[in-house]
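Reviewing the structure listed below.
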Amino acid sequence: MPKITYIEHNGTEHEVDVPEGWSVMEGAVKNMIPGIDADCGGACACATCHVYVDDAWREKTGTAEGMETSMLDFAEDVEENSRLSCQITVTPELDGLIVRMPRSQH
Amino acid sequence: MSETIVIIGAGQAGGQAAETLRREGFAGDIVLVGEEPHIPYQRPPLSKKFMAGEMPLERVYFKPPEFFETEQVELKLNIPATRIDRERKIVTLCGGEELAYGKLLIATGARVRTLDIPGADLSGVHYLRTIADVEGIQENFAEGAKLVVVGGGYIGLEVAAVAVKRGIDVTVLEVEPRVLQRVTTPEMSAFFEQVHTEEGVKIRCGTGVTAFEGGGKLEAVVTSTGERLPADFAVIGIGIVPNVDLAEEAGLAIDNGIVVDEQGQTSDPYIYAAGDCTNFPCVPVGRRIRLESVQNALDQAKAAAAAMAGTPKPYTQVPWFWSDQYNLKLQMAGLNQGYDEAVLRGDPGARRFSTFYLKKGAVIAVDAVNSPPDYMVGRELIAARAEVPPETLGDLEVSMKEIRQKYT
């Protein structure tokens with residue numbers, strides 16, 4: 001199972017196994033990692049699962065498209081490596097992925 | 001001394017409350033009681049991806065099964081609570097088991113509104129609220145099967161969208177003159193009627209149901225206009241009723257839901273309530289309401305759990321909702337009741353537009369179709385009670401970013 005490292009805004013790291021086919025958001029929410037709310041459950045409807053993808057992984061995760069881009073446009077503290085984690089599907093290529101959380105999801 | 005918190009109702013509010021209690025540092029016992037056999041699960045996908053077979057059960061679960069072990073949340077599933085004794089602070093379960101509580105959270109949600117007409121108990125007549133309901137409906141999914149959906153609300157239209165994509169012959173009956181009448185404008189209703197019609201769904205408005213017919217299994221649906229529509233199965237989506245019986249029998253204040261304050265506290269200081277079953281003061285809307293939505297279930301559960309853990313964080317969020325039908329994402333924020341002006345932004349023909357609702361000049365709600373900026377900025381405008389001129393809201397030459405900058 002791919003391992004993903006989630007780093008909270010305060011620097012706390014969480015490394016967890018996330019099943020293939022799940023989203024990066026689900027990996028956090030279902031392992032009780034704080035910092036990602038994802039109230040809509042991954043429907044790209046709430047923009048509360050914002051993460052920063054580690055630069056080394058940006059090519060593999062791809063970039064935001066369509067709905068996700070326009071949701072991100074209005075999130076707080078958006079950077080070039082911002083993604084909505086509900087829109088990144090976990091694949092074997094993402095084993096080792098590192099994402100960081102923003103200051104707040106609201 | 002640590003105390004026990006009992007949560008009645010293992011839906012999303014119940015599951016969220018358990019999580020928040022632990023996150024807020026509550027170290028006592030947590031007992032989560034649910035009448036369904038499942039651990040807490042997400043309801044929104046039931047009429048969307050889960051029904052379409054695009055989301056397996058383990059992803060529908062709100063938390064994985066291990067969560068309840070790790071966080072030491074004791075589960076009592078497949079068993080309804082039957083009584084709350086406020087004197088002795090005891091919840092009685094079906095079968096007689098008694099659970100003592102220091103504090104109690106009632107998160108009993110809602111049940112479907114039923115149609116009390118001849119034949120409603122025939123096999124093939126379904127409602128949609130639970131995983132078991134979806135599994136029952138899916139057994140009828142076969143190409144060419146005939147489905148009659150009773151009710152042109154969000155649930156009915158989402159079911160229609162999933163079913164027609166499976167090659168099912170779908171007819172939606174709506175008793176009102178238009179679909180989504182209770183929640184949106186005539187223009188938005190017309191848009192959804194047109195999209196469904198283009199996808200092959202037959203929509204009949206102003207048409208109720210008077211009977212279901214069949215010998216043991218459903219064969220036809222009889223309409224108020226006197227037609228007899230052949231049907232292999234039917235799905236009824238005509239709303240839900242809050243589960244307030246336990247609270248009412250315990251003598252708690254009830255008024256279209258269990259009456260709570262911004263912290264989710266009921267008229268008994270040791271008892272809180274959250275989710276579809278509550279009537280609460282909605283801060284951004286400025287009045288008491290009862291809401292049927294996952295946002296409300298989660299945010300209110302967080303507030304109630306924080307208060308129960310001794311770290312209050314009142315519930316003040318702007319209500320928001322969404323619906324997925326075909327490739328349309330409808331995102332809604334605020335409540336439009338009492339609006340005096342509706343402003344269209346964008347072009348329904350391009351399937352990308354929104355409706356802003358104004359009351360005395362202030363933005364109170366927005367319905368956005370495939371238009372996240374309108375929805376995202378709309379939420380902020382509603383929270384700020386911003387007064388934006390209608391001609392500005394309707395002008396695509398003025399970007400939502402500019403509107404946000406100027407009016408929030």
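The values are calculated or read from the model by the stated rules, or taken from the named source; none is laboratory data. Everything numeric in this text was worked out from a predicted model, so none of it was measured. Methodologically, a virtual Cβ is constructed for each residue, glycine included, from the backbone with ideal geometry; neighbour enumeration extends over all protein chains shown.
Determine whether region A:46-54 contains at least one residue that is in contact (Cβ under 8 Å) with a residue 60 or more places away in the chain, in a loop (DSSP other than H, G, I, E, B), away from every other protein chain (no Cβ under 12 Å) and within 20 Å of B:K302 (Cα to Cα). Before the answer, list the steps.
From region A:46-54, those in contact (Cβ under 8 Å) with a residue 60 or more places away in the chain are none; that's our starting set.
Within region A:46-54, none of the residues are in contact (Cβ under 8 Å) with a residue 60 or more places away in the chain, in a loop (DSSP other than H, G, I, E, B), away from every other protein chain (no Cβ under 12 Å) and within 20 Å of B:K302 (Cα to Cα).
So, in region B:60-82, exactly how many residues are more than 12 Å from every other protein chain (Cβ to nearest Cβ) and surrounded by 14 or more Cβ atoms within 10 Å (Cβ to Cβ)?
Counting residues in region B:60-82 that are more than 12 Å from every other protein chain (Cβ to nearest Cβ) and surrounded by 14 or more Cβ atoms within 10 Å (Cβ to Cβ) gives 8.
Determine whether B:G214 is loosely packed, with under 15 Cβ neighbours inside 10 Å and in contact (Cβ under 8 Å) with a residue 24 or more places away in the chain. Break it down stepwise before answering.
Working: loosely packed, with under 15 Cβ neighbours inside 10 Å: no; in contact (Cβ under 8 Å) with a residue 24 or more places away in the chain: yes.
So B:G214 fails the test.
Only one of A:E80, A:E15 is free of Cβ contacts under 8 Å to residues at least 24 places away in the same chain, more than 11 Å from chain B (Cβ to nearest Cβ), assigned to a strand (DSSP E or B) and out of contact with any Phe, Trp or Tyr (no Cβ under 7 Å at 6 or more places or on another chain); which? Break it down stepwise before answering.
Values: A:E80 fails: assigned to a strand (DSSP E or B).
After ruling out the rest, the residue left standing is A:E15.
Go through region A:18-45 and count every residue that is of a type in the set (G, A, S), within 11 Å of another protein chain (Cβ to nearest Cβ) and on the phi < 0 side of the Ramachandran plot.
Final tally of qualifying residues: 4.
With B:E135, B:E176 as the choices, which residue is modelled with pLDDT of 95 or more, over 28 Å from B:E36 (Cα atoms) and of a type in the set (D, E)?
Numbers: B:E135 fails: over 28 Å from B:E36 (Cα atoms).
Unique residue meeting the criteria: B:E176.
For region B:37-58, which positions are of a type in the set (S, T, N, Q) and either at the interface with chain A (Cβ under 8 Å from one of its Cβ atoms) or assigned to a loop (DSSP other than H, G, I, E, B) (or both)?
Taking region B:37-58 and keeping what is of a type in the set (S, T, N, Q), we get B:42, B:47.
Within region B:37-58, just B:Q42 meets the criteria.
When you look at B:I30, is it farther than 16 Å from B:P65 by Cα and either free of Cβ contacts under 8 Å to residues at least 24 places away in the same chain or not in a helix (DSSP H, G or I) (or both), yes or no?
Values: farther than 16 Å from B:P65 by Cα: no; either free of Cβ contacts under 8 Å to residues at least 24 places away in the same chain or not in a helix (DSSP H, G or I) (or both): yes.
No.
So which residues in region B:181-207 are surrounded by fewer than 16 Cβ atoms within 10 Å (Cβ to Cβ) and among the small types (G, A, S), if there are any at all?
B:A190, B:G200, B:G206, listed by residue number.
Considering only residues that are under 15 Å from B:Q325 (Cβ atoms) and of a type outside the set (A, V, I, L, M), which ones fall in region B:147-173?
Answer for region B:147-173, where residues must be under 15 Å from B:Q325 (Cβ atoms) and of a type outside the set (A, V, I, L, M): B:G151, B:G152, B:G153, B:Y154, B:G156, B:E158, B:K165, B:R166.
Which one of these does B:P230 not meet: (1) crowded, with 22+ Cβ neighbours inside 10 Å; (2) over 30 Å from B:R83 (Cα atoms)?
(1)
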